[in-house]
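Reviewing the structure listed below.
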Amino acid sequence: MKLDTSSSPFIHSGANITGMMLRVCLALVPAIIAYTWFFGWGLCINIFIAVSTAVAAEALMLRIRQRPLKPFLSDGSAVVTGLLLAFCLPPFSPWWITVMGAAFAIVVAKQLYGGLGYNPFNPAMVGYVMLLISFPLEMTQWVPPNIVNQLQIGFIDTLKIIFFGEYPYTLSIDALSMATPLDTVKTELGLNVTVSEIVQGNAIFGDFAGVGWEWVGNWILLGGVWLIYKRIIGWQIPLALMGSLFTIAFFFFMLDPDTYPSPMFHLFGGATLLAAFFIATDPVSASTTPFGRILYGAGIGILIYVIRTWGSYPDGVAFAVLLMNMAAPTIDYYTQPRVYGHSKDEPHGGEH
Amino acid sequence: MRRLFQFHGGVHLKEHKKDATVQPVQPARLPKQLVLPLQQHIGEPAEPIVKPGDKVLKGQLIARPGNTVSAPVHASSSGTVTAITDHPVSHPSHLNAPCIIIDTDGEERWITNKPAVANYHQLTPEEIRQHVRDAGIVGMGGAGFPSHIKLNPDDHVVDTLILNGAECEPYITCDEMLLRERALEVIVGLRIMRYALQAKRCIIGVENNKPKAIRALDEQVRNTGADFIEVVPVPTVYPTGGEKQLIQVLTGKEVPAGGLPMDIGVVCHNVGTAYAVYRAIEFGEPLISRYVTIAGSVAHARNLEVLIGTPVIDLIEECGGNPNTLSRVILGGPMMGIALHDVRIPATKTTNCVLVNSTIGDVPLASRGKAAMPCIRCGLCAAACPVDLLPQQLYWYAHAKDFDRIQDFHLFDCIECGCCDYVCPSHLPLVHYYRYAKTEIWALQEERRHADIARQRHQFREQRLEREKREKQERHKKKRAALKPAGDKADEAKKAAIQAAMERAKAKREAAQPKNVDNLTPEQQAKIREAEARRAQGKTEQQDNTP
């Protein structure tokens with residue numbers, strides 16, 4: 001009779017990484033549907049390309065690194081990376097953009113650092129920034145909301161655009177594409193137009209931010225709240241990120257509403273909500289202490305505002321996240337919680 | 001209604017407590033053989049005072065305490081001592097430990113000279129502690145710290161005596177059954193303890209998933225009119241039964257790191273200990289039996305009153321477990337218990353539960369996956385930690401064997417409750433890593449201590465050699481000093497010889513050369529002689545002055 005003598009505890013909650021990643025994907029489904037409604041099949045095709053590439057790259061690198069394939073492919077982390085990257089790309093991006101971004105994210109940002117759990121930077125954001133810097137033209141060819149419905153650009157048409165660059169009705173991407181709301185605001189502000197004039201004079205602006213985008217934002221918000229409820233992510237990062245962005249935007253908005261867009265515009269514009277609930281909350285590259293996560297989230301919120309307002313890019317989510325990724329280990333070190341039985345002012349940590 | 005507090009984190013576990021609480025508790029069958037480890041407590045092992053072949057009676061002292069922090073061992077039944085030998089015990093490293101083996105005779109004959117006491121108030125607190133000590137009572141919640149020490153307030157003022165009936169681990173119901181069936185006895189035991197500690201008030205903390213136990217206690221507190229005792233239902237969250245956690249829930253106070261509950265005016269005992277104190281003081285009975293839950297893959301999960309030293313296999317068989325299909329036997333609960341490597345291991349004073357897993361039939365435990373994934377720093381562990389540690393960081397440093405840094409993150413405040421492990425989505429054996437790190441650090445400290453001793457010895461040796469060298473030199477010096485007069489004489493003789501030779505040479509020279517003093521007047525010659533004499537005198541003086 002051979003008895004199992006492993007050490008306690010002997011029971012487990014049953015939680016696993018695959019389940020967590022699956023829920024993250026599920027939480028994005030409503031937003032994907034909304035996005036597809038407003039911007040066409042591009043996102044779905046991009047997701048397919050990005051996820052396939054990410055999983056293939058993951059498998060290849062695992063093989064090269066002589067790691068077991070099954071547990072690391074089935075953990076779902078590569079799927080989430082691909083999904084998030086695709087969500088950040090213009091819907092009609094050429095296929096090779098998506099492939100390069102996803103492959104770079106997995107190979108360089110994740111696997112070369114040691115794979116799951118060891119990447120200091122958010123892989124999807126590394127992939128995105130690489131694309132943004134290398135292919136600025138392709139990365140800014142956004143389409144206005146509802147244009148796909150007006151022009152009836154269907155699934156097959158979208159496939160042709162993405163894979164062959166063939167546009168229907170002999171259109172070109174230049175004719176189709178259009179600046180995003182954030183980009184519009186930035187450019188026009190540079191021309192000394194006031195915010196209210198910009199918003200009134202342009203059909204892409206809705207109640208808070210861009211038409212379509214704000215609806216996608218709503219669903220992202222809902223999915224994110226569900227993730228918090230399911231305890232897949234903590235409340236600290238999303239709340240701190242949105243809170244700090246709102247506060248700083250509110251401050252400048254009150255100072256001069258003609259130069260600074262409203263806090264709601266910042267919250268629902270661009271990738272703020274996606275960052276708050278899905279990107280900044282990537283546990284591996286984020287801060288891990290409860291208070292550290294508040295600082296980390298707040299830092300991202302502030303950086304997003306700074307880059308959007310005074311930087312040269314219309315949106316700053318990716319840069320903000322990567323910059324705070326760098327700060328995460330230091331934040332963690334200085335934000336250790338007070339341990340039971342230890343006094344508050346007791347210096348924690350050693351001299352390092 | 002008492003205001004309750006919360007500790008950080010904790011987890012909600014499936015209770016599995018129904019099965020074993022259906023039947024009333026009965027004495028377990030008398031085993032053929034009793035195995036009584038000499039160490040069933042924290043501290044020094046007891047020293048046997050019987051030898052193989054001795055006949056012993058039930059309740060007879062068979063091993064006396066090693067020192068103050070120790071506890072005696074008594075024969076749980078009558079019979080013959082067959083051996084005092086190393087026997088498998090519940091030990092994380094599967095080590096054997098010295099045990100007294102008794103073959104029972106089935107007669108259950110008690111010793112006759114039991115010190116029965118009618119009223120504890122006739123005793124001084126010191127006498128009560130002595131009785132508790134003589135009865136071999138140790139903390140029965142699991143730690144096994146000798147109880148008489150925890151009944152000694154020393155120079156502390158004990159404000160609150162807490163009786164821990166939380167019993168937060170799944171499957172375990174022995175304290176619940178004890179409270180349901182022997183509430184009055186537990187309360188009398190509590191009053192004795194309060195008297196020993198001179199505590200102001202008492203709180204019995206019971207998790208609110210044991211309404212019957214709470215009702216029984218309430219009733220007995222009312223009946224006895226003990227208004228200084230408060231029965232407080234506490235929320236069912238694991239690990240409320242941890243001493244520090246229960247103190248926090250009931251008082252809002254934290255035991256200072258490295259300190260004792262007594263430092264904040266609190267003492268915490270297990271309900272089983274209170275019952276044992278009651279038996280010891282009112283009946284003069286030593287601790288030779290206790291309530292034990294037998295649960296898991298057995299036909300009849302239940303609680304038994306078990307003689308200390310009963311091999312767990314006897315208990316499993318009595319409850320309808322199949323000894324041939326056992327896959328795992330856990331002493332204690334599923335969160336903090338120890339998986340036994342041998343079913344002959346006995347139940348001891350601290351055994352509250354025997355949890356059985358079988359290779360066939362139901363698998364009652366959803367256990368951690370075999371293949372761990374890397375830590376993704378999700379922080380679920382930190383959210384679950386009842387001491388507010390950062391288990392993910394502890395894991396990181398344990399994995400990296402950074403034993404300095406891991407102590408900065410308060411490794412030694414970890415109570416090994418297993419909450420972090422339970423919630424970890426990467427299925428990392430976190431507690432295992434912390435135990436490993438603790439063991440390594442202890443080993444390093446031990447090594448350092450040895451190194452310090454060695455260094456000290458080396459320094460002493462160096463000093464001794466230095467001293468000896470110095471002493472030797474001094475001895476030589478003294479010796480030389482003693483020899484000096486003789487040496488001086490020899491020197492003078494030498495000098496005199498040289499002087500004489502020089503004078504002889506001078507005389508020769510003078511004789512050979514013309515002297516400018518030859519043709520002088522007697523007066524001049526006299527002056528010259530005078531001068532010469534003066535010079536000669538000065539010279540000798542000079543010579544005398546030279547050392």
Quiz item: Sorted by average packing, counted as other Cβ atoms within 10 angstrom per residue and highest first, what order do B:178-188, A:185-195 take?
Solution: B:178-188, A:185-195
Self-check item: Peptide B:425-432, shielding by other chains (average Cβ, 10 Å cutoff)
Solution: 5
Quiz prompt | Long-range amide H partners of B:His87 with built H, under 5 Å | solution = B:Ala97, B:Cys99
Exercise. Report the normalised scattering of the protein assembly as shown as log10 I(q)/I(0) at q = 0.10 Å⁻¹, calculated by the Debye formula with identical scatterers on the alpha carbons.
Key: -1.11
Quiz prompt | Interchain or long-range residues, amide H under 5 Å from B:Arg302's placed H | solution = B:Ile294
Quiz item: Between B:Thr325 and A:Phe163, what FRET efficiency comes out of the Förster formula 1/(1 + (r/R0)^6) with R0 = 56 Å and r the beta carbon distance, rounded to 0.05?
Solution: 0.40
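Could you tell me which trypsin sites (Lys or Arg not before Pro) in the stretch A:247-352 are loop residues by DSSP with no more than 10 other beta carbons within 10 angstrom of their beta carbon?
Sparse-neighbourhood loop trypsin sites (Lys or Arg not before Pro): A:Lys344.
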Exercise. Past 30 Å, Cα to Cα, is the threshold; run A:Lys2/B:Lys349; B:Lys370/B:Lys438; A:Lys2/B:Lys51 against it and keep the listed order.
Key: A:Lys2/B:Lys51
Practice problem: Give the residues of the stretch B:434-467 whose amide nitrogen is closer than 16 Å to a point set 7 Å from the Cα of B:Lys477 in the direction of its Cβ. | Solution: B:466-467
Quiz item: Can you sort B:Glu47, B:Glu169 by how many other beta carbons sit within 10 Å, fewest first?
Solution: B:Glu47, B:Glu169
Self-check item: Residue mean of other protein chain beta carbons inside 10 Å, B:8-18
Solution: 1
Quiz item: Could you state the number of Å between the C-alpha centres of the stretch B:150-203 and the stretch A:10-79?
Solution: 53 Å
Practice problem: Count charges around A:Thr281 for me, please; just the other residues with Cβ under 13 Å from its Cβ, Lys/Arg as +1, Asp/Glu as -1. | Solution: +4
Self-check item: Anchor B:Lys55: lysines whose Cα lies under 16 Å away (excluding residues fewer than 8 positions away in-chain)
Solution: B:Lys32
Quiz prompt | From phi via Karplus (6.51, -1.76, 1.60), per-residue ³J(HN,Hα) for the stretch A:230-236 in Hz, x at Gly/Pro | solution = 7, 6, 7, 10, x, 7, 4
Self-check item: For B:His74, residues with placed amide H under 5 Å, excluding near neighbours
Solution: B:Ile62
Exercise. Note down the nm distance, to one decimal, between modelled labels 7 Å out along Cα→Cβ at B:Phe283 and at A:Met264.
Key: 7.6 nm
Quiz item: What are the lysines whose alpha-carbon lies under 23 Å from the alpha-carbon of B:Lys508, with same-chain residues fewer than 8 places away excluded?
Solution: B:Lys494, B:Lys495, B:Lys539
Exercise. Over the stretch A:74-163, calculate the relative contact order: mean separation of alpha carbon pairs under 8 Å at least 6 apart, over the residue count, as a percent.
Key: 36 percent
Exercise. Could you pull out every one of the aspartates and glutamates with an alpha carbon less than 13 Å from that of A:Lys344, ignoring same-chain neighbours closer than 8 positions?
Key: B:Glu254, B:Asp388
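Can you tell me what share of the DSSP beta bridges in the protein assembly as shown is antiparallel? A percent to the nearest 5 is fine. Please list the in-between numbers first.
On the way: 37 of 61 bridges.
That works out to approximately 60 percent antiparallel.
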Quiz prompt | the stretch B:263-340, relative contact order [Cα under 8 Å, separation at least 6], % | solution = 17 percent
Practice problem: Grab the Cα-Cα distance for B:Glu440 and B:Gln23, subtract it from 0.36 nm times how many residues apart they are, and report the gain in nm with one decimal. | Solution: 145.6 nm
Self-check item: Relative contact order [Cα under 8 Å, 6+ residues apart], chain A, whole percent
Solution: 17 percent
Quiz prompt | Inter-probe distance in nm under a simple model that places probes 7 Å from Cα toward Cβ, at A:Asn149 and B:Lys495 | solution = 12.9 nm
Self-check item: Average other protein chain Cβ within 10 Å of Cβ, residues B:399-406
Solution: 1
Quiz prompt | Part-to-part distance (alpha-carbon centres) for the stretch B:51-70 and the stretch A:317-339, which is given in Å | solution = 60 Å
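Laboratory data are not the source of any read-out in this text; all were calculated from the coordinates shown. Everything numeric here is computed off the predicted structure, so don't read it as measured data. Heads up, the Cβs are rebuilt from the backbone with ideal geometry, glycines too, and the neighbour counts pull from every protein chain shown.
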